[in-house]
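Novice: Take this structure, written in structure tokens, and hold onto it; I'll ask about it next.
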Amino acid sequence: MIMGIKFLLSKFKRSHDGKLIFTIILWVLLSRIIIHLIAYAGYLLFKNKSLYLLDSLKIFWNRWDALHYLHLAENWYHGSGEARFLIVYYPLYPLTIKLIKFLAG
């Protein structure tokens, strides 16, 4: 495992001053912006409501899994009731949320 990490780091150091990593990060960010703009256009088209672009970040983030992860961070896993279906979510993200909440006070 450590040998693999050392190998990847040595490849990173020789990758033309990080141009490859920069290109990958740029493509990831651009794809996220494009996906958000498509979701924003779809919201405007189908909901027929005006929405500020910055407000749409909160609305789109609070869909699907985000609320489930926040519930897991606050209440953890349960074996009964509706919360028992949240067992399919991995615990790393809820643990990270708990850690940040603890550190932030």
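Novice: Answer with yes or no whether LEU67 is closer than 23 Å to PHE102 by Cα and part of a helix (DSSP H, G or I). So that I can check it myself, show each step before the final result.
Specialist: Details: closer than 23 Å to PHE102 by Cα: yes; part of a helix (DSSP H, G or I): yes.
Taking the combined requirement at face value, the residue satisfies it.
Novice: So, one more: Taking the stated definitions as given, is LEU57 more than 24 Å from LYS101 (Cβ to Cβ) and either modelled with pLDDT under 75 or among the aliphatic types (A, V, I, L, M) (or both)? Steps first, answer last, please.
Specialist: Details: more than 24 Å from LYS101 (Cβ to Cβ): no; either modelled with pLDDT under 75 or among the aliphatic types (A, V, I, L, M) (or both): yes.
Spelling it out, it is not the case that LEU57 is more than 24 Å from LYS101 (Cβ to Cβ) and either modelled with pLDDT under 75 or among the aliphatic types (A, V, I, L, M) (or both).
Novice: Among residues belonging to the range 54-70 that are aliphatic (A, V, I, L, M) and more than 11 Å from the chain's Cα centre (by Cα), point out the one that is farthest from PRO94 (Cα to Cα).
Specialist: LEU54
Novice: So, one more: When you look at LEU29, is it part of a helix (DSSP H, G or I) and modelled with pLDDT of 85 or more, yes or no?
Specialist: Criteria met by LEU29.
Novice: Kindly indicate the residue of the range 77-90 that is in a loop (DSSP other than H, G, I, E, B) and over 25 Å from LYS58 (Cβ atoms) and also nearest to the chain's Cα centre (by Cα) among those meeting that condition.
Specialist: Only one residue fits best here, namely TYR77.
Novice: Follow-up. Applying the selection to the range 30-70, what residues are touching a residue at least 24 places away in the same chain (Cβ under 8 Å) and out of contact with any helix residue (DSSP H, G or I) (no Cβ under 8 Å at 6 or more places or on another chain)?
Specialist: Within the range 30-70, just ASP65 meets the criteria.
Novice: Looking at this structure, is TYR89 within 30 Å of TYR40 (Cα to Cα) and in contact with a helix residue (DSSP H, G or I) (Cβ under 9 Å, 6 or more places away or on another chain)?
Specialist: So TYR89 passes the test.
Novice: Out of everything in the range 52-93 that is under 25 Å from ALA39 (Cβ atoms) and among the small types (Gly, Ala, Ser), what residue ends up being surrounded by the fewest Cβ atoms within 10 Å (Cβ to Cβ)?
Specialist: Filtering first and then ranking leaves ALA66.
The values are calculated or read from the model by the stated rules, or taken from the named source; none is laboratory data. The model shown is predicted, which means the values in this text are computed figures rather than measured ones. Cβ coordinates were reconstructed from backbone atoms using ideal geometry, including for glycine residues, and neighbour counts include every protein chain displayed.
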